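The values are calculated or read from the model by the stated rules, or taken from the named source; none is laboratory data. From a predicted model like this one, the values you see are computed outputs, not experimental measurements. Here the Cβ positions follow ideal geometry from the backbone for every residue, glycine too, while neighbour counts run over all protein chains shown.
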Amino acid sequence: MLTTAVRTNLSARICHRVDTVEDFLHLFPDGRELDITAADRTMPQGVSIASVGDMRTPVRLRSVYLPTEACWQINDLMCAERLKVRDLPNHIDLDKAA
């Protein structure tokens, strides 16, 4: 649950499948007027409703679905590496390039 102050200041909203319309309206207050909803039990895993930046109308979004066990495995690997962040491919070190 998010407070009204937090919800009001969100610039990006992503809602995965929820059980009730009220749950969806918590994040998308104008959701009753939309053609899409996340309160749809037939919505497949990895599909959500998203509104990012200055989008006027939320859209359906497909993302990678990770089972809970995979998330824990990723977390364990990150902790084992002390949360090191890898350089991007073709990373240029600006300090060395100068």
Condition check for residue 63: within 27 Å of residue 9 (Cα to Cα), of a type in the set (Ser, Thr, Tyr) and at pLDDT below 85
yes
If you take the residues of the stretch 77-96 that are loosely packed, with under 10 Cβ neighbours inside 10 Å and in a helix (DSSP H, G or I), which of them is modelled with the highest pLDDT?
77
Of the numbered conditions (1) surrounded by 12 or more Cβ atoms within 10 Å (Cβ to Cβ); (2) modelled with pLDDT of 85 or more, residue 7 fails exactly one; give the number of that condition.
(2)
Residue 48: of a type in the set (S, T, N, Q), surrounded by 12 or more Cβ atoms within 10 Å (Cβ to Cβ) and modelled with pLDDT under 85, yes or no?
no
List every residue pair whose Cβ atoms sit under 8 Å apart, with the two residues 6 or more apart in sequence or on different chains, where the first one lies in the stretch 30-46 and is in contact (Cβ under 8 Å) with a residue 12 or more places away in the chain and of a type in the set (Val, Ile, Thr) and the second, anywhere, is in a loop (DSSP other than H, G, I, E, B) and surrounded by 10 or more Cβ atoms within 10 Å (Cβ to Cβ).
36/58
Of the residues in the stretch 29-57, those that are closer than 25 Å to residue 68 by Cβ and part of a loop (DSSP other than H, G, I, E, B) number 10
Identify, by number, the condition in (1) at pLDDT below 85; (2) more than 19 Å from the chain's Cα centre (by Cα); (3) among the basic types (Lys, Arg) that residue 32 doesn't meet.
(1)
Pairs only if they're at least six apart or on different chains, beta carbon under 7 angstrom, first in the stretch 53-80 and under 27 Å from residue 31 (Cβ atoms), second assigned to a loop (DSSP other than H, G, I, E, B) and among the hydroxyl-bearing types (Ser, Thr, Tyr); list them, first residue then second.
53/11
